[in-house]
Amino acid sequence: MRPFHVALIGLGTVGTGVAKLLVEHADRNARRAGRSIVLKHVIVRDAQRRRGVALVNGLLHSDVAHAIEDPEVDAIVEVMGGTDLARRHLLAALNAGKDVVTANKALLCVHGDEIFAAAKRNGRTVCFEAAVAGGVPVIAGVGQSLSGNQITGIEAILNGTSNYILTQMSATGSAFDDVVKEAQALGYAEADPTMDIDGTDAAQKLAILVRIAFGTKVQPADFVRQGIDTLEASDLAYAAELGYAVKLLARAKLTGGKLELHVQPTLVRRDRPLAQVDGARNMIAVDGDAVGTVWWSGPGAGQMATASAVVADVIDLAVGRAQRTFPQLDLWGDGAPVPLLPIENIRRRSYFRFNVEDRPHVVADIADVLGRHEISLASIIQHEAPDLGEADDPPQEMHPIVPLVVMTHRATEGQVRAAEAEFARLSALRGPWVRMPVAD
Ligand SMILES: NC(=O)c1ccc[n+]([C@@H]2O[C@H](COP(=O)([O-])OP(=O)(O)OC[C@H]3O[C@@H](n4cnc5c(N)ncnc54)[C@H](OP(=O)(O)O)[C@@H]3O)[C@@H](O)[C@H]2O)c1
């Protein structure tokens with residue numbers, strides 16, 4: 001059989017890993033694909049720079065159009081990132097009759113409809129295993145291996161950077177900013193980690209998983225998204241005291257024909273597998289009506305882990321399997337939209353950490369506000385204030401400020417928001433409070 005020819009756009013972190021696997025393991029790939037897989041073009045911005053992989057002369061250049069128009073090329077692998085140029089290159093590739101592989105979740109989130117429509121129109125295939133959870137094969141898992149199920153729920157840790165930060169804050173008690181700096185020095189966080197810590201990256205990945213699992217189109221703007229940057233190490237310590245770990249949890253749950261969606265730092269019971277995923281790893285728990293709960297866990301990013309997923313897609317194309325399953329499974333289908341459960345109706349338990357004046361009636365005032373909104377208290381933690389020496393009955397202006405942690409029973413988001421509007425008027429509360437949901 002003739003070799004399968006690939007053009008790679010991007011030779012950065014992921015691209016270098018892909019090139020290494022294709023060049024250094026050509027025999028292994030050929031055995032698995034039943035034909036050799038040949039890297040024909042590698043496109044970068046700066047073709048003069050030294051690279052971390054040995055490539056034969058002439059392979060590296062900056063002419064994308066030349067690679068896309070090469071009649072010998074079967075598939076274009078896009079690992080350059082960004083949304084505008086990447087979109088143009090993938091559309092050009094599909095229109096030129098090439099199949100495509102991409103690791104670009106932001107691109108799929110913003111321009112997925114247009115790209116999949118172009119693939120359909122041209123009878124081509126789009127593979128995107130690496131776009132969600134890096135090396136963890138969750139796209140194939142949900143899209144193919146669980147195709148005998150109706151998926152009813154997904155709970156996932158989809159951002160390794162934020163999970164690393166939460167793990168370190170919990171283990172060392174260090175402040176958020178210090179752990180972010182350490183994560184940047186170790187290469188676990190980007191120079192600008194905003195999209196990781198504000199939940200955007202996890203929300204984009206959840207939107208892709210929801211499209212595949214439930215066949216419905218959602219955008220990150222459609223659901224509650226809260227980052228980890230307002231948390232303090234004390235929140236993780238209080239959560240541990242209560243028997244929980246804090247995880248940036250992405251959740252999609254089908255209840256009564258409606259889909260509940262959110263990405264938020266969440267208290268997860270310590271004995272659950274999701275609570276035990278530490279460091280930069282990802283975990284995805286998927287509920288199917290036939291299979292029950294299935295967990296996938298592993299490296300959600302990184303050079304070789306992400307390349308592993310990209311190369312699996314390339315091999316699938318070289319075998320010819322992806323071209324058969326892609327149109328049939330209609331992974332990016334436009335089925336009847338599943339209505340979203342209105343945010344106000346989402347029902348959960350809540351964790352609050354307030355900073356309060358250590359004086360009489362404060363707990364009663366908070367309980368009174370919650371009670372008026374039919375929210376009952378489950379537990380309270382307030383540790384003793386530091387010793388004030390002589391002033392054991394201090395005047396009002398000397399009341400120390402202490403943290404007060406409150407766990408509630410289940411209530412709707414609407415009830416909780418209404419209570420929060422009243423908390424803002426309580427004079428004993430100082431500064432903003434932290435609220436997190438509890439995953440039951
Ligand atoms: N890094 C991960 O662990 C990871 C995990 C999962 C998914 N992803 C996704 O994979 C994609 C790539 O990420 P990365 O971390 O590998 O990025 P990266 O290290 O920044 O590499 C980007 C590569 O694309 C090339 N490039 C950028 N703009 C170009 C242009 N206009 N024309 C030609 N080449 C261009 C760059 O060329 P130069 O080298 O000449 O600058 C570089 O080689 C992104 O979509 C990302 O979201 C990454």
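Readers should treat all values here as calculations from the given coordinates under stated rules, not as data from a laboratory. Owing to the predicted nature of the structure, the values given are computational and were not obtained by experimental measurement. Glycine gets a Cβ as well: all are built from the backbone with ideal geometry, and neighbour counts include every protein chain shown.
Just the ratio, please: alpha-carbon radius of gyration of the stretch 258-314 over 2.2 N^0.38 Å, N its number of residues. Don't skip to the answer; put the middle values down first.
Details: Rg = 14.2 Å, N = 57, 2.2 N^0.38 = 10.2 Å.
For the stretch 258-314, the normalised Cα radius of gyration is 1.39.
Sorted by packing (mean other beta-carbon atoms within 10 Å per residue), highest first, where do 188-194, 102-108, 47-53 land?
Values: 188-194: 14.4, 102-108: 24.9, 47-53: 11.6.
Averaged packing, sorted descending, gives the order 102-108, 188-194, 47-53.
Springs between alpha-carbon pairs under 10 angstrom, Gaussian network model over the chain: which of Gly335, Gly15, Gly143 fluctuates most?
Highest fluctuation of the listed residues: Gly335.
Taking the highest mean first, how do the peptides 276-283, 237-244 order by number of other beta carbon atoms within 10 angstrom per residue? Don't skip to the answer; put the middle values down first.
Values: 276-283: 20.1, 237-244: 17.6.
For the peptides 276-283, 237-244, the packing ranking is 276-283, 237-244.
Pro220: net charge of surrounding residues, Cβ under 10 Å, Lys/Arg +1, Asp/Glu -1, itself excluded? The partial results should precede the final answer.
Numbers: positive: Lys205, Arg225; negative: Asp201, Asp222.
That sum, taken over residues with Cβ under 10 Å, equals 0.
From the gyration tensor of the Cα coordinates in the stretch 19-131, what semi-axes in whole Å does the equivalent ellipsoid have, largest first, with each one equal to sqrt(5λ)?
Values: eigenvalues 106, 60, 38 Å².
Each semi-axis is √(5λ); the values are 23, 17, 14 Å.
Shape verdict for the stretch 220-264, please, from the Cα gyration tensor: rounded (a/c under 1.5), prolate (a/b greater than b/c) or oblate. Could you put the intermediate results ahead of the total?
Working: a/c = 4.64, a/b = 1.84, b/c = 2.53.
Because a/c hits 1.5 or more and a/b fails to exceed b/c, the stretch 220-264 counts as oblate.
By counting other Cβ atoms within 10 Å of each Cβ, how are Glu24, Glu232 ranked from fewest to most? Kindly include the intermediate steps, with their values, before the conclusion.
Details: Glu24 12, Glu232 15.
Taking fewest neighbouring Cβ atoms as first place, the list is Glu24, Glu232.
With N set to the number of residues, divide the alpha-carbon radius of gyration of the stretch 138-298 by 2.2 N^0.38 Å and report two decimals. Present the calculation step by step, with values, prior to reporting the outcome.
Numbers: Rg = 15.6 Å, N = 161, 2.2 N^0.38 = 15.2 Å.
It is 1.03.
From the cross-link list Lys20/Lys120; Lys20/Lys247; Lys181/Lys217; Lys217/Lys258; Lys120/Lys258, which pairs have alpha carbons spaced over 25 Å apart? Before the final figure, lay out each step's value.
On the way: Lys20/Lys120 31 Å; Lys20/Lys247 34 Å; Lys181/Lys217 36 Å; Lys217/Lys258 13 Å; Lys120/Lys258 29 Å.
Result: Lys20/Lys120; Lys20/Lys247; Lys181/Lys217; Lys120/Lys258 exceed 25 Å.
Given Cβ point charges of +1 (Lys, Arg) and -1 (Asp, Glu) and nothing else, what value in debye, to the nearest 20, does the dipole of the stretch 285-359 about its Cα centre take?
Values: 7 positive and 9 negative charges, 47 e Å.
Taking the Cα centre of the stretch 285-359 as origin, the dipole is about 220 debye.
Evaluate the Debye formula for the chain with equal point scatterers sitting on the alpha carbons, no solvent, and hand back log10 of I(q)/I(0) at q = 0.08, 0.09 Å⁻¹, in q order, two decimals.
For the chain, the Cα-only Debye profile gives -0.52, -0.63.
Order by neighbour count: Arg349, Arg417, fewest other Cβ atoms within 10 Å first, most last. Intermediate results must be reported in sequence, preceding the final value.
Details: Arg349 18, Arg417 13.
Going from least to most buried by this count: Arg417, Arg349.
Using the Cβ atoms and a cut-off under 12 Å, what net charge is assigned to the surroundings of Trp295, where Lys and Arg are +1 and Asp and Glu are -1?
So the surrounding residues net to 0.
Taking a quarter of the surface of the convex hull around the Cα atoms of the stretch 82-165, what do you get in nm²?
Numbers: hull surface 26.7 nm².
For the Cα atoms of the stretch 82-165, the hull's average projected area reads 6.7 nm².
At a threshold of 8 angstrom on Cα-Cα distance, excluding pairs fewer than six apart, so keeping six or more, what relative contact order does the chain reach in percent? Intermediate values should be presented prior to the final figure.
On the way: 875 pairs, mean separation 72.7, N = 440.
About 17 percent, as a whole number.
Tell me the Kirkwood hydrodynamic radius of the stretch 345-439 in angstroms, computed as one over the mean inverse distance between distinct C-alpha pairs. Show your work: numbers first, answer last.
Working: mean 1/r = 0.0715 Å⁻¹.
It works out to 14.0 Å.
Counting Lys and Arg as +1 and Asp and Glu as -1, each charge on the Cβ, what is the dipole of the stretch 138-298 about the Cα centre in debye, to the nearest 20? Let's see the in-between values first.
Working: 13 positive and 19 negative charges, 143 e Å.
About 680 debye.
Place a +1 charge on the Cβ of each Lys and Arg in the chain and a -1 charge on the Cβ of each Asp and Glu, then give the dipole magnitude about the Cα centre in debye, rounded to the nearest 20.
Details: 44 positive and 53 negative charges, 456 e Å.
It comes to approximately 2180 debye.
Before rounding to the nearest 500, sum -39500 (n - 2.57) across all DSSP H runs of length at least 4 in the chain and divide by the residue total; then give [θ] at 222 nm in deg cm²/dmol.
-10500 deg cm²/dmol
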